[in-house]
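One structure is given below, encoded as structure tokens.
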Amino acid sequence: MSAPASISPVAPADDAPAGAVGDARGASLLLRAAPAIFLLFWSAGFAAGKVGIAYTGPLTFLAIRYVLVLLILLPLLLVMRPPLPRTPAEWLHLAVVGFLIQGLYFAFGYIALAAGISTAAVALIVSLQPILVALIAPRIAGERVGGWEWIGLGLGLAGAALVIVARSRVEVMSAFGVLAAVVALGGMTIGTLYEKRFGGNLHPVTANSVQYAAGLATTLPLALLLEDRQVAWTLPLALSLLYLIVCNSLIALTLLLLMIRRGEVSRVSALFFLVPPMAAVIGWLLLGEQMPPLAWLGLALAAAGVGLATRADRLPSPRRMHGLGAR
């Protein structure tokens, strides 16, 4: 099964109704802005999460977040009455994506932060996702990763590695925290591929409701079993929850799933190479986490890698350029 050749939707016909043309243009504009909005909101989520878990356990914090998200989504579900999954398989696919992303990725990402790993280091480990996706996508999602995309992924990996090398000089990382971040990486990688392979075109309210319910069903029992359930209700905790619910849970994740469905999963995943340096900058500005000079070079390399990976279809293949140079 082949993936869509482009992220941009098909242009409307000249005789299309004005409303359809306007909707198509709006969708095209949203898809163009989606990567930048997603990158900013997703990267800042690491710092917001670290603020929140200072006042309660990571799983308790995540369970509270999911409860509040569902309290927003369920009334919308009743008022808007969007289409529901039509088959048990569609319900199952949504629940699996919710378990992998909301359950494994966020839960173990927050556990890594609670173990003392910096926001930049956690973001770096989970940013290895594009490499795993590029290796697995041809078999799972039916996508072919071209030469420029591999070069872009390599530059992104090099940039991300520079960030962690720079951070290792000012931070000692615990083995448990690193292991938790690796589990989070696995959850997001498998969740991304699963969404591309089995995800449907359901309304965002429907999809998010089911997926956050699956995330809550995963994290709440663990929070009750493993943590003391103590919560220090403070303004920073409230602001952290507000940001994560609106910007991270409702906006960023919806944009991510939209980009996955409309574009090739390996290119969308390449955006994650920009998350570690962006998270490092935000952690430096908001949390006072150090940002060594070498990390800024990593930011530039990661940006170049993402640029190549996401615009590979506009460039001649490396083999063709080599052939022209040989002549």
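The values are calculated or read from the model by the stated rules, or taken from the named source; none is laboratory data. Please read all numbers here as calculations on a predicted model, not as lab measurements. Here the Cβ is made from the backbone with ideal geometry for all residues, glycine too, and neighbour counts use every protein chain on show.
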Q: Looking only at the range 220-257, count how many residues are at pLDDT below 95, surrounded by 12 or more Cβ atoms within 10 Å (Cβ to Cβ) and among the polar types (S, T, N, Q).
A: 3
Q.
When you scan the range 261-277, do you find a residue that is aromatic (Phe, Trp, Tyr) and either free of Cβ contacts under 8 Å to residues at least 60 places away in the same chain or over 23 Å from Gly305 (Cβ atoms) (or both), even just one?
A. no
Q.
When the residues of the range 85-115 are narrowed to those that are in contact with a helix residue (DSSP H, G or I) (Cβ under 6 Å, 6 or more places away or on another chain) and outside any helix (DSSP H, G or I), which ends up farthest from Ala180 (Cα to Cα)?
A. Pro85
Q: Would you check if there is a residue in the range 56-63 being farther than 18 Å from Met259 by Cβ, modelled with pLDDT of 90 or more and not in a helix (DSSP H, G or I)?
A: yes
Q) Among the listed residues Ile111, Ile37, Ile117, Ile101, which satisfies the condition of being crowded, with 24+ Cβ neighbours inside 10 Å and modelled with pLDDT under 90? A) Ile117
